[in-house]
Amino acid sequence: MHKPVAIILLNWNTPVHTANCIVSLKQYCDEHLFNIIVADNGSTDGSLHLLKNQFPDLIYIENNENLGFAEGNNSGLTYSIEKGYTYSLVMNTDTLVDNDLVSCLTAHLDNHLQAAAVQPAIYWMHDKTKLWNGEGSFNKLLGTTSSSTKLPNNSDTFKTVEWVTGCCILLKNSALLMSGLFNQRFFLYYEDVELSFRLREIGYELHYLPLCKLYHEAGVAAKVEKREGFLSPVIHYYTSRNHVWFLRKYGKSVFYPVNILYNGIYYLSVWIYFKLRGRNEKARFLIKGLKEGVFTPQNSIWP
């Protein structure tokens, strides 16, 4: 019997986290439902050799360079679609499960034909009593996206949301064939929000299912110990650029004056903070991201 779910794990120099994630999936989830695809984004630390020795039965895709979160996961999504899987479960590798997450999410999409995707409640790894990511929303007036950190209660069923996080999202491949995959131009950050809005544009719903849960360390691939702190300066480039790109496409023009004022003050405050702390590389990447966000031709972002 063909398994319905392809679990896509994107590895980039994080073999220990990836291995721990795989072990937890195999321990708690029904393996009759899924195959695991490890897409490696050009790791330089011997990740593939280590993972293949530990888990020889998995499916491996070798990307020859770091394609980013968007295109790296697209390599796994393309394989999933071409091989006839019904669903694709995109998961960050710095996550763990302690319940049958795959069965929980799959049963939900099986029973909700109007939904293209569903995400679980995602808790912090270091404090499993606190929610990291819940119901995703978009504030049109301010031009900001957010996810709720309010703990669900036992009576919560699913909620229809405005966006779902790429940290853990089960997608219907039939919907992806209509919407397209992650936008590779986004590379990293906001690619999940952008795909969410495309799925909703073609008539699908997105669901948040708080009774399913996952634990997330958060930001492992973005952490680098440098003079300016542990968060890579390039992160500020992608978050600022992609935020502006997203607003240019999905923001409401009537709210643009408020969007510009609110976010302008926010980014100016961040830039001043970086300069005062001597974090000049981060300040430079922030400005670079904002410039490209504003001036990149829209037809090169969405060909």
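Numbers for the structure displayed
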{"quantity": "Which listed residue, of Leu113, Leu141, is assigned to a loop (DSSP other than H, G, I, E, B) and closer than 23 Å to Leu181 by Cα", "calculated": "Leu113"}
{"quantity": "Filter result for Asn64 (of a type in the set (S, T, N, Q) and modelled with pLDDT under 95)", "calculated": "yes"}
{"quantity": "Number of the exception - Gln114 against (1) closer than 27 Å to Lys249 by Cβ; (2) surrounded by 16 or more Cβ atoms within 10 Å (Cβ to Cβ)", "calculated": "(2)"}
{"quantity": "Qualifying residues in the stretch 117-138 (those that are open to solvent by 10 Å² or more (accessible area, probe 1.4 Å) and outside any strand (DSSP E or B)) - the one nearest to Leu199 (Cα to Cα)", "calculated": "Glu135"}
{"quantity": "Qualifying residue in the stretch 182-191 (condition: under 20 Å from Tyr87 (Cα atoms) and open to solvent by 50 Å² or more (accessible area, probe 1.4 Å))", "calculated": "no"}
{"quantity": "Set Leu177, Leu209: member being touching a Pro at 6+ places or on another chain (Cβ under 7 Å) and at pLDDT 95 or above", "calculated": "Leu209"}
{"quantity": "Residue list for the stretch 140-179, restricted to those being free of Cβ contacts under 8 Å to residues at least 40 places away in the same chain, over 15 Å from the mean Cα position of the chain (by Cα) and surrounded by 15 or more Cβ atoms within 10 Å (Cβ to Cβ)", "calculated": "Ser148"}
{"quantity": "Near pairs, Cβ below 6 angstrom, 6+ apart or cross-chain, from the stretch 268-285 (without any contact (Cβ under 8 Å) to a residue 24 or more places away in the chain and under 12 Å from Tyr237 (Cβ atoms)) to any residue that is open to solvent by 80 Å² or more (accessible area, probe 1.4 Å) and in a helix (DSSP H, G or I)", "calculated": "Ala283/Trp271; Ala283/Lys275"}
{"quantity": "Scan of the stretch 1-15 for residues that are closer than 21 Å to Ala107 by Cβ and open to solvent by less than 10 Å² (accessible area, probe 1.4 Å), ordered by number", "calculated": "Val5, Ala6, Ile7, Ile8"}
{"quantity": "Condition met for Asn53 (under 20 Å from Thr18 (Cβ atoms), open to solvent by less than 20 Å² (accessible area, probe 1.4 Å) and either out of contact with any helix residue (DSSP H, G or I) (no Cβ under 8 Å at 6 or more places or on another chain) or part of a helix (DSSP H, G or I) (or both))", "calculated": "no"}
{"quantity": "Filter pass, Ser137 being closer than 24 Å to Gln27 by Cβ, over 14 Å from the mean Cα position of the chain (by Cα) and of a type in the set (Gly, Ala, Ser)", "calculated": "no"}
{"quantity": "Qualifying residue in the stretch 81-90 (condition: open to solvent by 40 Å² or more (accessible area, probe 1.4 Å), at positive phi and not in a helix (DSSP H, G or I))", "calculated": "yes"}
{"quantity": "Test: residue in the stretch 63-79 that is closer than 17 Å to Ala175 by Cα and free of Cβ contacts under 8 Å to residues at least 12 places away in the same chain", "calculated": "no"}
{"quantity": "Some residue of the stretch 216-227 being at pLDDT 95 or above and of a type outside the set (Asp, Glu)", "calculated": "yes"}
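Let's see how each residue does on (1) more than 19 Å from Gly166 (Cα to Cα); (2) open to solvent by less than 50 Å² (accessible area, probe 1.4 Å); (3) among the acidic types (Asp, Glu); (4) in a helix (DSSP H, G or I):
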position	(1), (2), (3), (4)
His17	no, no, no, yes
Cys21	no, yes, no, yes
Ile36	no, yes, no, no
Asp57	yes, no, yes, no
Glu71	no, no, yes, yes
Ser75	no, yes, no, yes
Tyr79	no, no, no, yes
Thr93	no, yes, no, no
Ser103	no, yes, no, yes
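Residue-wise test of (1) farther than 12 Å from Asp94 by Cα; (2) of a type in the set (D, E, K, R).
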position: Trp12; (1), (2): no, no
position: Cys21; (1), (2): no, no
position: Lys26; (1), (2): yes, yes
position: Val38; (1), (2): yes, no
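The values are calculated or read from the model by the stated rules, or taken from the named source; none is laboratory data. Keep in mind the model is a prediction, meaning the values are calculated, not measured. Reconstructed Cβ throughout: ideal geometry from the backbone, glycine too, with neighbour counts over all protein chains shown. With ligands, DNA and RNA removed, areas are computed over all heavy atoms of the protein, side chains included. Shrake-Rupley method; radii C 1.70, N 1.55, O 1.52, S 1.80 Å.
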